[in-house]
Amino acid sequence: RLQDMKATGAPFIIPLNFPEAFEVADPLDATLVTYAQLKHWELAPTNPAQLTKAGITIAFTLAGLKNKGDFLANLRKAVQYGLSETEALKALTYTPARLVKSEKMLGNLNKGATANFIITSGNVFQTETTLHENFIQGYRHVLQAMVGKDVRGNYDLTIDNKTYQLILKGKPESINAEIERSVDSLKVTPKISIQNDLITLTFNPTPKKQEGGETRLSGWAVGKGWQGIGEGSRGEKLTWQASYKSALPADTTKPAQPTPVAEVGKVVYPFEAFGKETLPTAQTYVIKGATVWTNEQEGVLQETDVRIEAGKIAKIGKDLPTNGATVIEGKGKHLTAGIIDEHSHIALYSINDIQNISSEVRMIDVVNSEDIDIYRQLAGGVTASQLLHGSANCIGGQSAIIKLKWGENPNKLAVTNMPQFIKFALGENPKNGNSGFGSTQRYPQTRMGVEQAIEDAFVRAKEYLEKKKIGGVNFRKDLELEAIGEILEGKRHITCHSYVQSEINMLMKLAEKHKFKINTFTHILEGYKVGDKMKAHGAGASSFSDWWAYKFEVQDAIPHNAAILTKLGITTAINSDDAEMARRLNQEAAKTIKYGGLTEEEAWKTVTLNPAKLLRLDDRMGSIKAGKDADLVLWTANPLSIYAVTQMTMIDGAIYFERTQDEQAQAQLRTERARLIQKMIQAKQGGASAQKPVFNKPRKWYCCADLGSLLD
């Protein structure tokens, strides 16, 4: 998301709560860890570096850290993983001061600034550095006393005419000592304390097996040496002095080097299994010699070429020029427009709300562009989907129409200048007939109540539009009524969840009363009973092929429904409402031939051109025609056959799925998972903390709340 973050122009406050490794030594445990979790564990420490290198301003926060004491260690880890020390220091000091508009007084050492600073023994980003003092508004806080001078060296020690050798060694701030007797070279290790120019030494000058007690010396610095008084083990008074003799031998050992960072994997788009290091881009292609299902007057063309340029279908014909183009062999294969799913709930974080009218919510705000179902449906030839609100509300939220551009961000999935739609619902779901908990807590509770809730909403919306025309200080914008008002103004179109003929008829009459039309009845499993009324009203249908008996109000469903509606002249689509079924909508379309006797071309249009018409996008999608979007699928056989497999799925002239690339990606995924698991095991063996994997089943959304719980 680096470029998206940069495009905001905003600074970001970044936590350093890097994830723990997982316990993956057990192969079964390892299966619970997703590829995204493995990748995130490895790449999270690179995040600050990648942000700053992209030109994004950051400040650090301790938020999210289980142990606040890990902050400095994680900061140093971020530096180890490529964050420059300059940027790291800036993110700790100047930037947070600027974010609270206090950069003149805080976050710098300029004259006149508040005296907030720290004193360390060295570079704060190195592990051996000690934090000595912290000044806050000029008040000194000593954390670990600093050493005024380096006293390390060899000394001649004299205690009441007895001679010894004294060696002071270690680090300047952490001195340790060794005393050697001149008479017999016996070495003892004294306890030592040095505070500024004062020193104390406590040791036993005799062999451990002989009797004797501790000698205690206390003194002060004199030049480069020490002198003072003491007391022997029998209480006798002593005088002593230590004369500086020589420096310690030079330390020839090399300083400890930071552990080199192992090479890390690449960021992939999306950050999920089957993500790619670079996103597909539109190219110039010529697909040669395919059987082309145009969905236009030309019908199905044999051994025909299609040229794609700048994301559009440029030409259709035989022996098209291939200059400047990549040639894709289509001989023996079938080329179609991409499948369009008129009713889907994939790639969403949430689909239902509590109140009975929720027209103010927008599905585009909850798009999850990293949902693996996007990739799976590309593999089934789907190129676009209408993402609908759920059916718990009489008037639900505003739809999002997306193209399945695997790897793009949510906003780039959205169809440009997409027509505006909204979800309505009738029947068991909005009246809370199957909701279980809370099913009696919300109006409406009956089908009549659903009608009245919708009626009331339009009455309120009309009143709102009148007030909006007048304006003035008494007018207050209402997002709920804005969306319903757009229906009355013809700017927003309705897709309505429906089953029972009486309710279908009711909503058409309600719409005619308020002078608007229902664009699409979805599910519409009793549509065959009211097809004449739907045609007169001008409504379209988006149906299941043969779903039946999953709840009470579909007991009259028949698999001939879509074909009957099509033959009545109603624009009819087959939809999925199911993440799994959407991968085989080509086969669902084929069922209209088996049950309703549609021709192959009529059947194919139920998942391509007809949903494009229902979504008011047929000028751009749904057929193979010069000037339309190059949303194309190359099949290995007749697309209505159960043996047909997608070889390639193209959106806007860019290939987002290709069968041989998918096979390679599966092999690469296995290799990369194995590498990350081994790295995680080694980290655990090296002392890194690790967490138990937890099974986290991704939630699949369905229009029908009861059906969703049943299938889950």
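Among the strands (runs of 3 or more DSSP E) contained in segment 286-392, which hold 1 or more residues that are open to solvent by less than 10 Å² (accessible area, probe 1.4 Å) and closer than 28 Å to Lys412 by Cα?
300-309, 312-317, 334-337, 339-344, 382-387
If a residue has to be without any contact (Cβ under 8 Å) to a residue 60 or more places away in the chain and either open to solvent by less than 10 Å² (accessible area, probe 1.4 Å) or over 22 Å from Arg583 (Cβ atoms) (or both) to count, how many in segment 397-410 make the cut?
The number of residues fulfilling the criteria is 3.
Scan segment 76-94 for residues that are touching a residue at least 40 places away in the same chain (Cβ under 8 Å), of a type in the set (A, V, I, L, M) and either in contact with a strand residue (DSSP E or B) (Cβ under 7 Å, 6 or more places away or on another chain) or loosely packed, with under 15 Cβ neighbours inside 10 Å (or both) and jot them down.
Hit for segment 76-94 is Ala91, nothing else.
Does Ala563 meet the test of being within 26 Å of Gly275 (Cβ to Cβ), in contact with a Gly (Cβ under 7 Å, 6 or more places away or on another chain) and either assigned to a helix (DSSP H, G or I) or open to solvent by less than 10 Å² (accessible area, probe 1.4 Å) (or both)?
no
Among helices (runs of 4 or more DSSP H) lying entirely in segment 435-551, which contain 2 or more residues that are touching a Lys or Arg at 6+ places or on another chain (Cβ under 7 Å) and not charged (D, E, K, R)?
Ranges flagged: 447-470, 479-488, 501-513.
Quick one: would you say Ala115 is over 30 Å from Ile199 (Cα atoms) and of a type in the set (Gly, Ala, Ser)?
Yes; evaluated as a whole, the condition is true for this residue.
Yes or no: Leu51 in a loop (DSSP other than H, G, I, E, B), open to solvent by less than 60 Å² (accessible area, probe 1.4 Å), in contact (Cβ under 8 Å) with a residue 24 or more places away in the chain and over 24 Å from Arg675 (Cα atoms)?
So Leu51 fails the test.
Among all residue pairs at least 6 apart or on different chains, which show Cβ distances below 9 Å where the first residue, located in segment 530-556, is in contact (Cβ under 8 Å) with a residue 12 or more places away in the chain and within 15 Å of Leu507 (Cβ to Cβ) and the second is of a type in the set (D, E, K, R) and assigned to a loop (DSSP other than H, G, I, E, B)?
His537/Lys517; Gly538/Lys517; Ala539/Lys517; Glu553/Glu428; Glu553/Glu526
State which residue is farthest from Phe695 (Cα to Cα) when the search covers only segment 21-33 and only residues that are charged (D, E, K, R) and open to solvent by less than 60 Å² (accessible area, probe 1.4 Å).
Glu23
Residues in segment 181-199 that are modelled with pLDDT of 85 or more, in a loop (DSSP other than H, G, I, E, B) and touching a Ser or Thr at 6+ places or on another chain (Cβ under 7 Å): how many?
Counting residues in segment 181-199 that are modelled with pLDDT of 85 or more, in a loop (DSSP other than H, G, I, E, B) and touching a Ser or Thr at 6+ places or on another chain (Cβ under 7 Å) gives 1.
Name the pairs: first residue in segment 132-159 and part of a loop (DSSP other than H, G, I, E, B) and of a type in the set (A, V, I, L, M, F, W, C), second residue open to solvent by 80 Å² or more (accessible area, probe 1.4 Å) and at pLDDT below 90, Cβ to Cβ under 8 Å, at least 6 apart or on different chains?
Qualifying pairs under 8 Å: Ala145/Gln195.
The values are calculated or read from the model by the stated rules, or taken from the named source; none is laboratory data. Owing to the predicted nature of the structure, the values given are computational and were not obtained by experimental measurement. In this analysis, Cβ positions are derived from the backbone assuming ideal geometry, glycine residues included, and neighbour counts consider all displayed protein chains. Remember, those area values only see protein heavy atoms, side chains included, never the ligands or the DNA or RNA. Shrake-Rupley method; radii C 1.70, N 1.55, O 1.52, S 1.80 Å.
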